[in-house]
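K.L.:
Sharing a structure with you now.
Just so it is clear, none of the values below were taken in a lab; they were calculated from the coordinates. Please read all numbers here as calculations on a predicted model, not as lab measurements. With ideal geometry, Cβ positions are generated from the backbone for all residues, glycine too; neighbour counts draw on all protein chains shown.
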Amino acid sequence: MAKVIVASDKFKGTLSGEEVAAAVSAGVRRGRSEIAVESVPVADGGEGTLAAAVAAGFELVAVTATGPTGELVHSGYARRGHTAVVELADVSGLSRLPGGKPAPMTATSRGTGEVVAAAIDSGCTRVILGIGGSACTDGGAGLVRALGARLTSAAGTDVAEGGAFLTSAVSLDLTALAELLDEVSIVVACDVDNPLTGLAGAAATYGAQKGADPVQVDVLDAALAHWADLVARVVGDDQREAPGAGAAGGVGFAAMALLGAELRPGIELVLDLVGFHERLAGADLVVTGEGSLDEQTLHGKAVAGVAAAARAAGVPVVAVCGTNRLGVAQLSQAGIAAAYALTSLEPDVRRCIADPVPLLRRLGERIAADQLGGDLR
């Protein structure tokens, strides 16, 4: 019996990875009913990481935490044994901004720290933290304060939340943080290599995406530099230029400098979590996918990671997508034999976004016919 693995990322703003996989799987089975199809939703460390862990058998533990602008949000972490998976995007992400209104100067990563703290308090000793999709540029100060660090001003008062207020910080006490993290290891899923500050830093590169105008970008960059100076004085090591320090508005910096975290490519980490390499055994085809196949796909995104792992195991790969902007040579270089786009069935992108499931089922049938010798009805 032929075996197909459907390992798709989300179609952003339209379907989750699990929903994509379900639709494609249904189409493949309709094309060849005897095929064994396994659904393995994946993510690259950003939005969808928590769902991928839960789909792989982790238990979802609900947590109410502080959103990026101070409101409470319902989130949680995924747990299996003593390992917890936390998704920053689900707590401190752009999707958690009330009304979608950005708050570039005051948004905080505190809620993500609260979820990590809840996992540690429950007995987890290994935390996997996906940091894509952040709404804040606070250098990870909110994160570490939720874990016990105290950041105070010259007057001895706690510094306000948000990147803009980091310039008033003169003291950093890590006593409680060190106690909480004793015997806890943290691994961060990170797919960018930006430093914390400067022209390629967190504020300059990503500030505009979070609503910052050019003046605010300069203010935030200076605040992050001040924060890095303070951290270096306290810990005796300066991590501001480390690759990935600028990830998630500086959460990468705080994770490395203050949490002792290891940074790993997001998709590699997720594939390990969901047991993807083991599930490749005996597979005849892998179907991966995301909303748009483009140049970014080739640089550390989920589709490229899935294709690389499958190619290493000698399993052919095809991709489904909403739109495809990659040529045959680019796809081949990434290890993808063919791409199947919704727009090949429905040229109107708006209709593809509004009702993608029937189209994905038809693509599943087409894949069965093209790749597995099934009947195309």
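K.L.:
Restricting to DSSP H runs of at least four residues, report the calculated mean residue ellipticity at 222 nm for the chain, -39500 (n - 2.57) per run over all residues, nearest 500 deg cm²/dmol.
P.N.:
-10500 deg cm²/dmol
K.L.:
Place a +1 charge on the Cβ of each Lys and Arg in the range 49-266 and a -1 charge on the Cβ of each Asp and Glu, then give the dipole magnitude about the Cα centre in debye, rounded to the nearest 20.
P.N.:
360
K.L.:
Ok, one more. Using just the Cα positions, wrap the range 202-302 in a convex hull and report its mean projected area in square nanometres, one decimal place.
P.N.:
8.8
K.L.:
What whole-number distance in Å separates the alpha-carbon centres of the range 305-377 and the range 1-79?
P.N.:
Taking the Cα centre of the range 1-79 as reference, the centre of the range 305-377 is 18 Å away.
K.L.:
Could I ask something else about it? Of all DSSP beta bridges in the chain, what percent run antiparallel (nearest 5)?
P.N.:
35
K.L.:
Also: Would you kindly give the portion of the calculated P(r) for the range 13-67 that falls above 20 Å, as a percent of all Cα pairs?
P.N.:
38
K.L.:
Neighbouring Cβ atoms within 10 Å as the yardstick, rank S109, S332, S292 fewest first.
P.N.:
By the 10 Å Cβ count, ascending, the order reads S332, S292, S109.
K.L.:
Please compute the volume of the convex hull spanned by the alpha-carbon atoms of the range 49-266 and report it per residue in Å³.
P.N.:
Per residue, the Cα convex hull of the range 49-266 comes to 103 Å³.
K.L.:
Also: Work out the FRET efficiency for L72 and D237 from their Cβ-Cβ distance, taking R0 = 56 Å, and round it to the nearest 0.05.
P.N.:
Efficiency computed from Cβ-Cβ geometry: 0.95.
K.L.:
Please report E346, E34, E87 as a ranked list, fewest other C-beta atoms within 10 angstrom at the top and most at the bottom.
P.N.:
E34, E346, E87
K.L.:
Which FRET efficiency value, to the nearest 0.05, is calculated for D158 and S332 with the Förster distance at 56 angstrom and r the Cβ-Cβ distance?
P.N.:
E between D158 and S332, to the nearest 0.05, is 0.50.
K.L.:
So how far apart, in nm, are the two label points at R350 and S168 if each is 7 Å from Cα heading toward Cβ?
P.N.:
Once both label points are built, they end up 4.7 nm from each other.
K.L.:
Considering only the other residues whose Cβ falls under 10 Å of the Cβ of A203, what net charge follows from Lys and Arg at +1 and Asp and Glu at -1?
P.N.:
Overall, the nearby charge balance is -1.
K.L.:
Rule-of-thumb check for the chain: C-alpha Rg over 2.2 N^0.38 Å?
P.N.:
It is 1.03.
K.L.:
Sticking with this structure for a sec: Antiparallel versus total DSSP beta bridges in the range 49-266: what percent is that, nearest 5?
P.N.:
Taking every DSSP beta bridge within the range 49-266, about 55 percent pair in antiparallel fashion.
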